[in-house]
Amino acid sequence: MKLDEAMLERRSIRGFTREAVPRALLEEIIELAMRAPSSMNTQPWHLHVLTGEPLERVREGNSSRMLAGVPPQREISDHGAYDGPHRERQVEIAKQLFGAMGIAREDKERRQDWVMRGFRQFDAPVSIVVCFDKSLTEKGTIAHFDLGAVTYGLVLAAWSRGLGTVINGQGIMQSPVVREHAQIPDDQVILTCVAMGWPDDSFSANAVRSTRRSVDEVARFVGFD
């Protein structure tokens with residue numbers, strides 16, 4: 001698959017088959033993703049790849065704590081509530097997803113189930129927990145930028161090989177649970193996770209494509225004729 005195809009066709013996948021993902025394929029994807037640029041070539045990323053029983057323990061702990069009302073415990077600052085155009089785009093994609101799944105606004109039970117799917121990392125067979133060196137926290141947020149690059153590399157490399165992904169902050173909402181069961185060292189900070197697996201073509205939300213802003217809205221060209 002050409003790079004343009006992967007970038008244009010990629011979309012977030014939230015429904016997966018139960019088919020396992022071979023370790024060799026995951027290693028190939030990670031090796032390619034690590035070609036991502038980083039500040040001063042620091043390469044601050046650490047990737048913890050979970051499947052099987054450890055991942056199930058993360059799902060159970062993350063979900064049960066959220067249902068019990070335990071406040072989220074992320075290791076980076078949360079984005080809080082969006083407003084303005086950012087909130088509008090958030091609502092737009094939610095409407096697309098709920099529409100595809102046939103979830104009515106008043107259907108509280110199914111809406112709650114959808115939220116819980118996120119805490120379960122959408123029942124994907126693989127979760128990659130994305131971390132960076134804690135020693136860099138006093139250097140500002142540049143490591144966050146670097147991890148964004150390697151994470152995008154992961155989802156593109158996976159897509160080009162037929163795998164689906166969704167970058168999923170809900171999956172590490174209870175970071176102490178993730179840290180325990182993924183055995184993440186104390187000198188690393190948990191940033192996010194990537195749910196990954198073979199797309200379930202029968203899952204309606206997988207067909208949803210988010211709309212994108214135009215170049216005219218985003219870019220200014222200075223000094224051009």
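Listed values, structure above:
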| read-out | value |
| --- | --- |
| Single match in R161, R120, R111 (criterion: over 22 Å from E56 (Cα atoms), touching a residue at least 60 places away in the same chain (Cβ under 8 Å) and among the basic types (K, R)) | R161 |
| Check on V21, β-branched (V, I, T) and surrounded by 15 or more Cβ atoms within 10 Å (Cβ to Cβ) | yes |
| Cβ-Cβ under 7 Å pairs, at least 6 apart or on other chains, region 25-54 side touching a residue at least 60 places away in the same chain (Cβ under 8 Å), far side hydroxyl-bearing (S, T, Y) and assigned to a strand (DSSP E or B) | L50/S127 |
| Single match in E75, E53 (criterion: modelled with pLDDT of 95 or more and either on the phi < 0 side of the Ramachandran plot or crowded, with 18+ Cβ neighbours inside 10 Å (or both)) | E53 |
| Sole exception among (1) touching a strand residue (DSSP E or B) at 6+ places or on another chain (Cβ under 8 Å); (2) surrounded by fewer than 11 Cβ atoms within 10 Å (Cβ to Cβ) for G15, by number | (2) |
| Pairs with Cβ under 7 Å, 6+ apart, first in region 128-139 and over 18 Å from R179 (Cα atoms), second assigned to a helix (DSSP H, G or I) | L136/A143 |
| Of all residues in region 173-202 being closer than 22 Å to S77 by Cα and of a type in the set (D, E), the one that is surrounded by the fewest Cβ atoms within 10 Å (Cβ to Cβ) | D186 |
| Region 184-223, residues that are of a type in the set (A, V, I, L, M) and closer than 26 Å to V58 by Cβ | I184, V189, I190, L191, V194, A195, M196, A205, V208 |
| Subset of region 56-92 [among the charged types (D, E, K, R), more than 19 Å from I128 (Cβ to Cβ) and part of a loop (DSSP other than H, G, I, E, B)] | D78, D83 |
| Criterion: exposed (fewer than 15 other Cβ atoms within 10 Å of the Cβ) and out of contact with any Leu (no Cβ under 7 Å at 6 or more places or on another chain) - qualifying residue of G140, G164, G118 | G140 |
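Here is a yes/no grid of residues against (1) aliphatic (A, V, I, L, M); (2) part of a loop (DSSP other than H, G, I, E, B):
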{"residue": "M1", "(1), (2)": "yes, yes"}
{"residue": "A6", "(1), (2)": "yes, no"}
{"residue": "V21", "(1), (2)": "yes, yes"}
{"residue": "L26", "(1), (2)": "yes, no"}
{"residue": "I29", "(1), (2)": "yes, no"}
{"residue": "L32", "(1), (2)": "yes, no"}
{"residue": "H46", "(1), (2)": "no, no"}
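The values are calculated or read from the model by the stated rules, or taken from the named source; none is laboratory data. These numbers come from a predicted model, not from an experiment. Please note: Cβ atoms are built from the backbone with ideal geometry, for glycine as well, and neighbour counts cover all protein chains shown.
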